[in-house]
Amino acid sequence: MDVDTEDKRIDTFLRKTRRGKIRKIVREIYLRDDIWCGVFGCPVCDATHNTGVLTFSEDESLLLLDTNVVLHQIDFLMEDACIDNVVILSTVRHRNLQTYARLRSLCKADQQDRYRESVQKIKDRKRDRGHDADAMQVDTKDDSRRFYVFCNEFFSATNVSRKADETVNDRNDRAIRVAAHWYARHPASVQELLGHDASTASKRVLLLTNDARNKARAAAEGLATMTIYEYVDMLKHKFPNAGEKLAQLSREDAEDELRDEDELDEAGVAPSRLETPKEPSKGFFPPHMKESQIRDKIRLKELYQGVLRMNRTTCFEGYVACKGVEGDVRIHGRQDLNRAVDGDVVAVQLIAADDTGEDDKFLDDTQEDEAAEADRMEVEPAAGGQAAALGAERKTGRVVGVIKRGWREYCGSLRPLDDFRKVGSSAMVTTERYFIPADPRIPYIIIKTRHSHQLDNKRIVVAIDSWDRFSRYPRGHWVSILGDTGDKATESAVILKEHGVITRDFSEAVLKCLPPADFQITEEEIARRLDLRNILVCSIDPPGCKDIDDALSVEHLPNGNYRIGVHIADVTHYVKPDTAIDKEAAERCTTVYLVEKRTDMLPGLLTTDLCSLVGGRQRLAFSVLWEMTPKAEVKKTEFHKSVIKSSAALAYAEAQAIIDDPNDKSQLAINLRILLDLARQIRGRRMAKGALELASPEVKFELDSETADPTDVAMYQLRETNKLVEEFMLFANSTVATFILEKFPLYSVLRRHPPPKEDALKALKKLLASNGFTEFKYGSSKELAESLDRAVKGDDAYFNKLVRILTTRCMNQAVYFCTSEVDRQEFFHYGLAADLYTHFTSPIRRYADVLVHRLLAAGLNIEGLPDQLSHKDRISDQCDVINVKHRNAQWAGRASVDLHTYIYFKKKGPSTADSVVVRVRRNGVQVSIPRFGIEGVVLLKEADYTFDEDKQTLSHKSSATTISVFDHLLVSIRADDTDFRNRTVIEMVRKSSPSEILSYEAAEASRQQVEKEMFGNAQGMAEKPAV
Amino acid sequence: MSKTEFVSPEGFRIDGRRPSEIRTFRCQVGGVSQNADGSAYVEMGCTKALAYVYGPKEARRGAMKTQCGVLTCEVSLAPFSTADRRKRSRYDRQTVELALTIRQAFESSILLELYQRAQIDMFVHILETDGGHKAAAINACNLALIDAGINIRDSLVACSAGYIDGRPIVDMNQAEINAGGVELLLGVFARTRKVSVIEMDSKITPEVFQETYEACIAACRDLYTAMETAVNDTALRLVHSK
């Protein structure tokens, strides 16, 4: 119960703490009079405070939204043109802050000004609206809909205190009604002032609510009220497209709603075919447990909680890593998953394991259609992932409740209509359609649309609204259209969106942080820095590189030593902590490279101009300077903010040509030769310590897994100059890592690479032993590196490459971390055999480097340690975000390569080629096809083959063929777009005859040719090796 | 975005105040206790504090100073003052620290050289706290001292301020303090504007400090206006009742 005085209200409520204690919370709310109605031209409010954006007129209602409308219909409200002239009440915020914030973003700061300018224009437009009704999508940028936030909770005239016998929800409903009354009366007085008839005024305030009770009460109190459906219906003649994005509420929710689905059908909507009506008591899925029940049972350890992660290729099987259960809990089958979707936090009940060794299967990733599925309901499409540790017992579970939904927006396409429905369906009739998400982990989603034909063959974005237990599939509504299916740009947009890459344009606020385009470095700035403009500095990068973030220099010192400089673009000079641009970069974390497209972390002005260390221009840099003996021993290390002027931006090939040309005696050539010599020595030392070299032209990713660029990796191996640059960058990174760790033992951001998984390596050793190579050792990275060098099979040129590929598979991911989070012993970088490592050298395209730059600057007392780097929690949260974004960027890059492979084969048509078996499973083999430089899975009929787990072989039951790892198979390759999932399908023809096996050189040449065709105009991937 | 929004784009804090507004300040000067020589009751929003002043009286033997008077202070936080009911010992770190802060603050306020060999005792009871009880305690003491007729150089006014989402907010309530941002406690002399108490645990940049500091000073000025009116009213009432 609340206590009131005239100027404030005291809210008291009980809240359960995380530990289960009950606490009484007392909160005072100050009530004020300085809150305005927001109606344009209101003689009371608008005259004193120019806040008016809303209209109060004869022909237009003032809309007030109930909480449930805001909560469930946010996508609709955000974009539908029929929602205009809206008052957003601050009561609504109580339920869901995020949704509230989204809604409020509609009231733009400059809305008033713009409104005032265009009052007339809007009026005209309203008259014309009937004509441009065909415009499907409301362009939000040119959105002149009017919204106003009315802080009714703080307004003394609309204050509502909770009564003794009232629930919080009832109070909120009442608060909304009170506000509606106020509006109804407030303009009435206005109208009187203006000389209009006051009696009709209240009719022009319309409360939109889907809550039957609230609606009834409002009506009883004399307020005009409608459900959102009624409202949309009413405006059908004016806005034929309205209601397109109305959320599809589940039946369970709909019980509260005024109308349920059936009633909607009567209202002239096509009857639902997909959802056959069932007995209310007998749903398709078992009901979820109640929240309180789940909580109690989790405490009693009868249930477990965890995030559901689906298998990469199916929506019928997933894993939950539960607290309190060792290993993952496997959940398979629709019934056991019980409406949980990838990413949901679920409550799991363990059930008796029926592990039948299904883990050794590849998954067929097509979602079977209804008929086939019905047959298979009993025999669930059980299939296992590859994550299973060999021999470990797997627990099986069942989802009994969803604690928190992890729903996001999904990209995909609509399933084409069956032929007979195509005839019947005409425009403007609501139809239910199946939406096929591009991500196979997500089930089909049913959406309702009146523009079914306009959405066909388009890539669209869909949000899930609900999934009740009577429906086999979740229900949702479409949010936006990305473009035509199969179009390269659209498909790339899908890849970016699905991987959570931020593709929006840089906001106004971000661009405001940029220096002007004609920015010149000031003399004071130069005076503060070490002036290295007179030194010969050059950069070596892939051809066509625009974002050059590193450059090298070498000077002869009188004592015979060299002063080596690594100069990195001084991004942090332009990107100051906690500014809009910094926040944006912190959210993006990395530049994402797709085959044909680059999505920058920082705006173009910085990326390709001010920060890029192009030749002949003076640029700000952060330099690492070493004094080195000719034997590459470091005598002294210094760090400086500097200003440099690069003499030449070379491509790898150019640099190589200069070095190789014996007649070139220029200073540049001499310097490059010195650098190369030193790099060789440093590299030699590093290799001796046991750094791994897993990257090879065939592998699409190198050990550090930081570039997803096949073209680039290939080039990367070709020239020594690549190694030269890489070596110095590695060295600079390690040097910086050591320095910042010393200065900030708890606040540093480093990069570590844990040693590989022991089990996986053991399995690999066994496999190699059965292939006659017994010398495989993996005790340390050094032993492993040596073993890899020795793994050569005389007659097979690919053997070594394959062993390296297989070893790469065993590797863990390298991650960024905050040094206060991890034990000191675990800091080291396994793959590089470096004790300490971080990323310093690419601040233009990686946010981690930006952080390291700031740490280094603080360590040198050039700048203070920013707030973001002086809280452990903040640092480690940021590191987590970077790691996730980084991984997503890699996946996106790979997906892009797959897409181009698909496009290539679609154009070329089916082809056959020789392939090598990399892995054997119960129902198929994984192959690598050297001729095209691709990999894939060949599914085989499980019934035809016997699987030998120990030897990792499949033998055909009738013929005597056995397939084992490293065997050559002749395969056919074709593009397949079932379900709009663009895949490259590989099928076995037979085992290759020796004559069909291409020589290493021939395959290499062919692959390069293919790559040129596949990625012909690739610009995005013109990336530099990741170090 | 799930984070609570402490200042909404409309410019309101979670309790409906604007960033520079203090909570309702109510006080009663004197009349709280008949026993004490001076007493006061202060309310800053939901934070409530009582202060009693005893003295000047002859100092205890051990504590007596010949050059100036002795000031003591004791603070108690009522077990029911916080959301968690908890009994605190007399030697609770939090209260002892606060007592010390208050004593030191008023040692520069009271003209102690006038009270040689004498002792002045201050007792503060925090009845309810919704953030800012330190400031409330100092303000209550100041009023109680005035009520007791102790000679002071100037009124000492205290207020807290914080910095959330890029702007300073004054007189934070508990919910705002729980956000874990900056909390600055400032005690200033009303006329001379000299700072007597300053307390802050967070690391912030000088610019942020400057902003917060200025906002806090302004809030202290608002508080002083309210206190001054209360004292004047009390004095007038006393004059009329005689």
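The values are calculated or read from the model by the stated rules, or taken from the named source; none is laboratory data. All values derive from a computational prediction rather than experimental measurement. Heads up, the Cβs are rebuilt from the backbone with ideal geometry, glycines too, and the neighbour counts pull from every protein chain shown.
Of everything in the range A:626-638, what is surrounded by 20 or more Cβ atoms within 10 Å (Cβ to Cβ) and in contact with a Ser or Thr (Cβ under 9 Å, 6 or more places away or on another chain)? Give them in sequence order.
Of everything in the range A:626-638, just one residue is surrounded by 20 or more Cβ atoms within 10 Å (Cβ to Cβ) and in contact with a Ser or Thr (Cβ under 9 Å, 6 or more places away or on another chain), namely A:Trp626.
Kindly indicate the residue of the range A:866-883 that is surrounded by fewer than 18 Cβ atoms within 10 Å (Cβ to Cβ) and touching a helix residue (DSSP H, G or I) at 6+ places or on another chain (Cβ under 8 Å) and also nearest to the other protein chains (Cβ to nearest Cβ) among those meeting that condition.
A:Asp867
Filter the range A:891-922 down to residues that are of a type in the set (S, T, N, Q) and in contact with a strand residue (DSSP E or B) (Cβ under 6 Å, 6 or more places away or on another chain) and give me whichever is nearest to A:Thr961 (Cα to Cα).
A:Ser915
Looking only at residues in the range A:38-68 that are of a type in the set (Ser, Thr, Tyr) and in a loop (DSSP other than H, G, I, E, B), which one is modelled with the lowest pLDDT?
It comes out as A:Thr51.
Considering every residue within the range B:26-39, establish whether at least one is under 30 Å from B:Ser241 (Cβ atoms) and either in contact with a Lys or Arg (Cβ under 6 Å, 6 or more places away or on another chain) or within 12 Å of chain A (Cβ to nearest Cβ) (or both).
Yes, there is a match, as at least one residue in the range B:26-39 is under 30 Å from B:Ser241 (Cβ atoms) and either in contact with a Lys or Arg (Cβ under 6 Å, 6 or more places away or on another chain) or within 12 Å of chain A (Cβ to nearest Cβ) (or both).
Before we move on, is A:Ile35 within 12 Å of chain B (Cβ to nearest Cβ), at pLDDT 75 or above and assigned to a loop (DSSP other than H, G, I, E, B)?
Yes: the conditions hold for A:Ile35.
Output the residues belonging to the range A:860-889 that are under 12 Å from A:Cys589 (Cβ atoms) and among the polar types (S, T, N, Q).
A:Gln878, A:Asn883, A:Asn888
Identify, by number, the condition in (1) more than 14 Å from every other protein chain (Cβ to nearest Cβ); (2) within 20 Å of A:Lys8 (Cα to Cα) that B:Leu50 doesn't meet.
(2) is the only condition that B:Leu50 fails.
Hey, does the range A:165-177 have a residue that's within 14 Å of another protein chain (Cβ to nearest Cβ) and surrounded by 16 or more Cβ atoms within 10 Å (Cβ to Cβ)?
For the range A:165-177, residues within 14 Å of another protein chain (Cβ to nearest Cβ) and surrounded by 16 or more Cβ atoms within 10 Å (Cβ to Cβ): present.
Spot the failing condition for B:Ser160; the list is (1) surrounded by fewer than 24 Cβ atoms within 10 Å (Cβ to Cβ); (2) of a type outside the set (Lys, Arg); (3) under 16 Å from the mean Cα position of the chain (by Cα), and only one is missed.
It fails just one condition, (1).
So B:Lys65 fits all but one of (1) outside any loop (DSSP other than H, G, I, E, B); (2) more than 16 Å from B:Asn142 (Cβ to Cβ); (3) of a type in the set (Lys, Arg); what number is the exception?
Every listed condition holds for B:Lys65 apart from (1).
Being closer than 22 Å to A:Arg27 by Cα and part of a strand (DSSP E or B) is the filter here; which residues of the range B:120-164 pass it?
Scanning the range B:120-164 gives B:His125, B:Ile126, B:Leu127, B:Glu128, B:Cys159, B:Ser160, B:Ala161, B:Gly162, B:Tyr163, B:Ile164.
Which of (1) farther than 30 Å from A:Ser972 by Cβ; (2) at pLDDT below 90; (3) not in a loop (DSSP other than H, G, I, E, B) does A:His853 not meet, given it meets every other one?
Unmet for A:His853, out of (1) farther than 30 Å from A:Ser972 by Cβ; (2) at pLDDT below 90; (3) not in a loop (DSSP other than H, G, I, E, B): (2).
When the residues of the range A:961-988 are narrowed to those that are basic (Lys, Arg) and within 22 Å of A:Pro930 (Cβ to Cβ), which ends up nearest to the chain's Cα centre (by Cα)?
A:Arg983
Of all the residues that make up the range A:6-16, how many are over 18 Å from A:Asn169 (Cα atoms) and at the interface with another protein chain (Cβ under 9 Å from one of its Cβ atoms)?
2
Condition test on B:Ile169, is it at pLDDT 95 or above and farther than 21 Å from A:His871 by Cα?
No; evaluated as a whole, the condition is false for this residue.
Quick one: would you say A:Asp505 is of a type in the set (Asp, Glu) and surrounded by 13 or more Cβ atoms within 10 Å (Cβ to Cβ)? Step through it out loud before you land on a result.
On the way: of a type in the set (Asp, Glu): yes; surrounded by 13 or more Cβ atoms within 10 Å (Cβ to Cβ): no.
When the stated conditions are applied, A:Asp505 does not pass them.
Taking the range A:644-659 only, how many residues are touching a strand residue (DSSP E or B) at 6+ places or on another chain (Cβ under 6 Å) and aliphatic (A, V, I, L, M)?
5
What are the pairs, 6+ residues apart or on separate chains, where a residue within the range B:96-122 that is among the basic types (Lys, Arg) has its Cβ under 9 Å from a residue that is loosely packed, with under 15 Cβ neighbours inside 10 Å?
B:Arg117/B:Glu58; B:Arg117/B:Met64; B:Arg117/B:Lys65; B:Arg117/B:Thr66
Quick one: is B:Thr82 buried (at least 21 other Cβ atoms within 10 Å of the Cβ) and within 14 Å of chain A (Cβ to nearest Cβ)?
No.
Out of the residues in the range B:1-25 that are part of a loop (DSSP other than H, G, I, E, B), modelled with pLDDT of 90 or more and touching a helix residue (DSSP H, G or I) at 6+ places or on another chain (Cβ under 7 Å), which is farthest from the other protein chains (Cβ to nearest Cβ)?
Once the filter is applied, the top-ranked residue is B:Ser20.
Looking at A:Ile88 and the list (1) within 14 Å of A:Leu206 (Cα to Cα); (2) modelled with pLDDT of 70 or more; (3) in contact with a Lys or Arg (Cβ under 8 Å, 6 or more places away or on another chain); (4) away from chain B (no Cβ under 14 Å), which single condition is not satisfied?
Only one criterion is unmet by A:Ile88, namely (4).
So, in the range B:172-225, of the ones that are β-branched (Val, Ile, Thr) and under 19 Å from A:Pro866 (Cβ atoms), which residue ends up modelled with the highest pLDDT?
Looking at residues that are β-branched (Val, Ile, Thr) and under 19 Å from A:Pro866 (Cβ atoms), I get B:Thr212.
For B:Glu58, state whether it is within 12 Å of another protein chain (Cβ to nearest Cβ) and on the phi < 0 side of the Ramachandran plot.
Spelling it out, it is not the case that B:Glu58 is within 12 Å of another protein chain (Cβ to nearest Cβ) and on the phi < 0 side of the Ramachandran plot.
Regarding the range B:166-175, can at least one residue be identified that is surrounded by fewer than 17 Cβ atoms within 10 Å (Cβ to Cβ) and either within 17 Å of the chain's Cα centre (by Cα) or not small (Gly, Ala, Ser) (or both)?
Yes - at least one qualifying residue is present in the range B:166-175.
Can you name every residue in the range A:610-640 that is of a type in the set (D, E, K, R) and touching a residue at least 12 places away in the same chain (Cβ under 8 Å)?
Once the filter is applied, which keeps residues that are of a type in the set (D, E, K, R) and touching a residue at least 12 places away in the same chain (Cβ under 8 Å), the range A:610-640 yields A:Arg617, A:Arg619, A:Glu627, A:Lys631, A:Lys635, A:Glu638.
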